[in-house]
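Novice: Quick one: the structure is below, and I'll ask about it shortly.
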Amino acid sequence: MRTNTYAIPIRTTMLGLLGVALIALGGMGAGAILERDPLLTQVGLSWLRYGHGRDLASMVLYLGLGLVIWAWIRLGRLVRWGEIGDFAVLVAVTVWTLPLLFAPPLFSKDIYSYLAQGQLALSGYDPYTVGPAVLQSTLSENVSWVWQHTPAPYGPLFILIAKAIVWITDASVILGVVAMRFSLAGGLVLLCWALPGLSRHLGGKSAIALWLVAANPLVLIHLVGGAHNDLLMIGLMAAGVLLVLDRRHVLGFVLLALAFSVKATAVVIVPFLVWIWAARLDGDKRAQFRKALLPGVAAFLGTFAVCTVVAGVNLGWIPALRSSSMIINWLSLPSAVGDFVRMVVNWFVYVDGGIFIGVARALGSVVLIWIAYTQWWLARDGEVRDAIRRGALTMLAVALLSPATLPWYFSWPLALAAGFAWSTGALVTVTVASLFLLLVTFPNGDTALYSWGYLFFALVVSGLAARSLVKPDPFGLSTRYE
């Protein structure tokens, strides 16, 4: 079937728009709302935060979430059937993103931490030494109790962005949330620019890649609605990888350094790109590697050093990365194993659970290092598709084997792998995983990973949605597909 390049599925696009509008509306009462919301009070809607009002807001939000999932699946079917192309997906991404830019924080309170860390830097504190609690400000009071005394684990570029936003908005929480969202949305723009080019190099279809990442509810709801800096990181990372594949190696490494200066995870793909660069140079293997490594390291470290100096910070964020180990959930395989062993042992005798978690995480780190080195060494021929595939697998291993794992971490490998050719089974698997990970957090930011009845429901919904990607009417209730 020939693709109509500029065709737009109006009903599907509007369905998704209605969904995100309902999510934004419901988020006013059921999202990660402020401790004291002057806007809701002024317009007489503070009742949405409590009792039946909150229940109503939750119903509206989940109704919107269902419509967004439905719209995404419908869009995916049209892309798979070849009825629409990149343009339609980009229109849908744009339309579905706009309401989320102005919504209350959704499924996470992290954005309050970002703003408080910017205020720390602006107030003369070292955000890599102290936590938001020292501020005793409107921004800091909205930070989750988990992170009140935790130093910032983010790079200098992100601290600089947060600092600038707090200064521009005069420490306004509401304006700060919107301004931060617009800043992070630059990562989504970079993703939409990079994914077609990555598909060209990796053998996939650009419309599928855009649908799989940029239009994915996991990305839109968690990274845009939840306002996580992972969005800016993966956007810079994807753009940097594309530039390297396009033989603009130095500029690519500069963008990768910027991604690293937002969040450290971006560094994982860098060693694989050195092999790709080296394979294009003259000389024996050792000479090729040296010729690629030296300018690559110079571009990377030089850019990082400039970000650090301009931000006026030090390297304290690197040891602060350990702060994430406070999170314990079963999405992290080592944490899951350690917690399971603790549970079994405590059936018979009480032992401090921290011992099992610590040992399991240490073993997980050893396994991760082994996987990373093995995959990197196997990519030494520098063949583009093999190197990126192994880099994406390593990024997936980082998400799974890190001491702490959060649902949106799986957007990291997805951004790298989306440009490959996907089989139907692989698309169904990623669809199930994306929607399940979308649903395992409650709208106010609390985890649902131990609400087993809810998780079963979320898995059923995810499975049915993924099934309808390949079979529009999975129950055989209709003779029409759309």
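Novice: Any residue in the stretch 112-136 that is open to solvent by 50 Å² or more (accessible area, probe 1.4 Å) sitting within a Cβ distance under 7 Å of a residue that is assigned to a helix (DSSP H, G or I)? List the pairs, counting only those 6 or more apart or interchain.
Specialist: Partner pairs satisfying both residue conditions: L122/K163; L122/V166; L122/W167; Y125/V134.
Novice: Further question: Within the stretch 190-200, work out how many residues are in contact with a Gly (Cβ under 7 Å, 6 or more places away or on another chain) and either open to solvent by 40 Å² or more (accessible area, probe 1.4 Å) or among the small types (G, A, S) (or both).
Specialist: Residues flagged as in contact with a Gly (Cβ under 7 Å, 6 or more places away or on another chain) and either open to solvent by 40 Å² or more (accessible area, probe 1.4 Å) or among the small types (G, A, S) (or both) within the stretch 190-200 amount to 2.
Novice: Can you go through A227, A266, A259, A238 and tell me which one is touching a Pro at 6+ places or on another chain (Cβ under 7 Å) and not assigned by the TED database to the domain that holds V20?
Specialist: A227
Novice: Scan the stretch 145-175 for residues that are within 16 Å of V134 (Cβ to Cβ) and not in a helix (DSSP H, G or I) and report the count.
Specialist: Adding up the residues that qualify gives 6.
Conditions (1) at pLDDT 95 or above; (2) of a type in the set (S, T, N, Q), marked per residue:
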{"residue": "G296", "(1), (2)": "yes, no"}
{"residue": "F304", "(1), (2)": "yes, no"}
{"residue": "V309", "(1), (2)": "yes, no"}
{"residue": "I318", "(1), (2)": "no, no"}
{"residue": "S324", "(1), (2)": "no, yes"}
{"residue": "R342", "(1), (2)": "no, no"}
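Novice: Only residues in the stretch 388-415 that are within 14 Å of H228 (Cα to Cα) count as the first member; pair them with residues that are among the acidic types (D, E) and in a helix (DSSP H, G or I), Cβ under 8 angstrom, at least 6 apart or cross-chain, and list the lot.
Specialist: These pairs meet every condition: W408/D230; Y409/D230; S411/D230; W412/D230.
Novice: Please give the number of the condition I369 fails out of (1) open to solvent by 70 Å² or more (accessible area, probe 1.4 Å); (2) under 19 Å from V268 (Cβ atoms); (3) touching a residue at least 40 places away in the same chain (Cβ under 8 Å).
Specialist: I369 satisfies every listed condition except (3).
Novice: Which condition breaks for K205 when tested against (1) in contact with a Leu (Cβ under 9 Å, 6 or more places away or on another chain); (2) open to solvent by 10 Å² or more (accessible area, probe 1.4 Å)?
Specialist: Condition not satisfied by K205: (1).
Novice: Answer with yes or no whether A179 is without any contact (Cβ under 8 Å) to a residue 24 or more places away in the chain and in contact with a helix residue (DSSP H, G or I) (Cβ under 6 Å, 6 or more places away or on another chain).
Specialist: Against the criterion (without any contact (Cβ under 8 Å) to a residue 24 or more places away in the chain and in contact with a helix residue (DSSP H, G or I) (Cβ under 6 Å, 6 or more places away or on another chain)), A179 qualifies.
Condition check ((1) in a loop (DSSP other than H, G, I, E, B); (2) surrounded by 16 or more Cβ atoms within 10 Å (Cβ to Cβ)) across all residues:
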site: T308; (1), (2): no, yes
site: L315; (1), (2): yes, no
site: I318; (1), (2): no, no
site: N329; (1), (2): yes, yes
site: S335; (1), (2): no, yes
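Novice: Given (1) open to solvent by less than 30 Å² (accessible area, probe 1.4 Å); (2) under 18 Å from the mean Cα position of the chain (by Cα), identify the lone condition not met by W275.
Specialist: The failed condition is (2).
Novice: Name the single residue that is modelled with the lowest pLDDT among those in the stretch 429-467 being touching a Gly at 6+ places or on another chain (Cβ under 9 Å) and over 24 Å from V398 (Cβ atoms).
Specialist: Taking the candidates together, the pick is N444.
Novice: Moving on to the next point. Looking at S172, S140 in this structure, which one is open to solvent by less than 30 Å² (accessible area, probe 1.4 Å) and over 21 Å from the mean Cα position of the chain (by Cα)?
Specialist: The match here is S140.
Novice: Let me ask another. Considering (1) more than 22 Å from the chain's Cα centre (by Cα); (2) at pLDDT below 95; (3) surrounded by fewer than 14 Cβ atoms within 10 Å (Cβ to Cβ), say which one W377 fails and leave the rest.
Specialist: It fails just one condition, (2).
Novice: Can you tell me how many residues within the stretch 380-411 are open to solvent by less than 10 Å² (accessible area, probe 1.4 Å), in a helix (DSSP H, G or I) and of a type outside the set (G, A, S)?
Specialist: Qualifying residue count for the region: 4.
The values are calculated or read from the model by the stated rules, or taken from the named source; none is laboratory data. The structure displayed is predicted, hence computed values, not measured ones. Cβ: placed from backbone, ideal geometry, glycine included. Neighbour counts: every protein chain shown. When the accessible area is computed, the model is the full protein with side chains, heavy atoms only, and any ligands, DNA or RNA have been set aside. Shrake-Rupley method; radii C 1.70, N 1.55, O 1.52, S 1.80 Å.
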